[in-house]
Each structure stands twice: as structure tokens, then as C-alpha cells.
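J.: Got a structure for you, written out below as C-alpha cells; questions coming shortly.
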Amino acid sequence: MLFIISTLLIFIISIKLASLLGAVLLTVFFKLKQKSQGLSESDWNKYFETINTKGLMFRMYISYFVALTIFAVFNTIIFWNGVYGYGIALIIGGMFYTYSRYKQNKDKISIIFQKKDD
């Protein structure tokens, strides 16, 4: 019973922390892109104007998936003694959580991106 509760807590904490790490990874990606291409502020604004809503959402999901995979590998090694089934379940659970949160807040997200497109 203790293992089930601790695994559930690890899932919840990992999914929440993966959201934060995903945001950090996305920020780092954009900063590295800006530094490597030497974009000025006007070029940087043009770059963001060329990215449509789906492109930005895709980048957000990829960064979240990478962060979630990092947590899954870490937890598999540290907490689950190399049993990869738990790590895979964490990734699936995190993706389901993200999808359900997107469905719940789809209208709010579209309003935010419509303001961006104006």
C-alpha cells in the first residue's frame, strides 16, 4: 500500500515539475536560438510573428515531453529500480494530463492566442 501511495505521489510531483522544467527548456531553446543566430530585437519580433499558434503549441508540447522523459528516466533509476513500466506509465499519464488540461482550457488558450495574433 505504501508503494502505491508513494508511486502516485511521485507521478503527481513529477508531472507538475515537468511542466516547470518544460517552460525552462522552452525558454532556453529560444535564448539559444537568439544567441546562435544573433537576432536583433526587430528580427526576434519577426521570428515570433512567423510562428503560428500551432507552431508555438508544438514547441511547448515537445519541451514538456522532453522534461517528462527526463523525470521518467530519473525516477525509473532512483525510485523504481530500473522497472521501465513505471516510467512509461508516467509519460503516458503526463501526456493524458496535458491533453485533458488542454481540452478543459481550450477556449481560454484560443483567446490568449487571438490576442497575440491581433
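J.: If you check every pair at least six apart or on different chains, which have Cβ atoms under 7 Å apart with a residue in segment 31-59 that is closer than 14 Å to residue 113 by Cα first and a residue that is in a helix (DSSP H, G or I) second?
T.: Pairs found: 53/113.
J.: Same structure, new question: Give segment 61-90 a look and list any residue that's aliphatic (A, V, I, L, M) and either over 30 Å from residue 111 (Cα atoms) or buried (at least 17 other Cβ atoms within 10 Å of the Cβ) (or both), or say none. Give the steps one after another, and end with the answer.
T.: Within segment 61-90, the subset aliphatic (A, V, I, L, M) is 62, 66-68, 70, 72-73, 77-78, 83, 88-90.
Result: 67, 68, 70, 72, 73, 77, 78, 83, 88, 89, 90.
J.: Condition first: among the aliphatic types (A, V, I, L, M) and assigned to a helix (DSSP H, G or I). Can you find one or more residues in segment 35-50 that meet it?
T.: Residues of segment 35-50 that are among the aliphatic types (A, V, I, L, M), as a first pass: 39.
Next, from what is left, pick out any that are assigned to a helix (DSSP H, G or I): none.
Scanning segment 35-50 turns up no residue that is among the aliphatic types (A, V, I, L, M) and assigned to a helix (DSSP H, G or I).
J.: Quick check on residue 56: is it surrounded by 11 or more Cβ atoms within 10 Å (Cβ to Cβ), modelled with pLDDT under 95 and not in a helix (DSSP H, G or I)? Please lay out each step first, then the result.
T.: Working: surrounded by 11 or more Cβ atoms within 10 Å (Cβ to Cβ): yes; modelled with pLDDT under 95: yes; not in a helix (DSSP H, G or I): no.
So residue 56 does not fit the description; no.
J.: Kindly indicate the residue of segment 1-26 that is polar (S, T, N, Q) and surrounded by 12 or more Cβ atoms within 10 Å (Cβ to Cβ) and also farthest from residue 45 (Cα to Cα) among those meeting that condition.
T.: Filtering segment 1-26 for residues polar (S, T, N, Q) gives 6-7, 14, 19.
Going one step further and asking which of them are surrounded by 12 or more Cβ atoms within 10 Å (Cβ to Cβ), we end up with 7, 14, 19.
Working: 7: 43, 14: 33, 19: 25 Å.
This residue is 7.
J.: Would you check which residues across segment 27-53 are surrounded by 14 or more Cβ atoms within 10 Å (Cβ to Cβ), farther than 30 Å from residue 103 by Cβ and within 23 Å of the chain's Cα centre (by Cα) and list them?
T.: 34, 44
J.: A further question follows. Quick one: what pairs do we get from segment 88-115, first residue within 29 Å of residue 76 (Cα to Cα), second at pLDDT 90 or above and among the hydroxyl-bearing types (Ser, Thr, Tyr), C-beta under 8 Å, 6+ apart or different chains?
T.: Partner pairs satisfying both residue conditions: 90/14; 91/69; 94/14; 94/64; 98/61; 98/64.
J.: Sort out which residues of segment 52-76 are of a type outside the set (S, T, N, Q), more than 14 Å from residue 14 (Cα to Cα) and out of contact with any Ser or Thr (no Cβ under 9 Å at 6 or more places or on another chain), and write them in order of number.
T.: The initial filter retains those residues of segment 52-76 that are of a type outside the set (S, T, N, Q), namely 54-62, 64-68, 70-74.
When the remaining residues are screened for being more than 14 Å from residue 14 (Cα to Cα), the result is 54-62.
Hits for segment 52-76 are 54, 55, 56, 57, 58, 59, 60, 62.
The values are calculated or read from the model by the stated rules, or taken from the named source; none is laboratory data. All values reported here derive from a predicted model rather than from experimental measurement. Ideal geometry is used to build each Cβ from the backbone, glycine not excepted, and the neighbour counts take in all protein chains shown.
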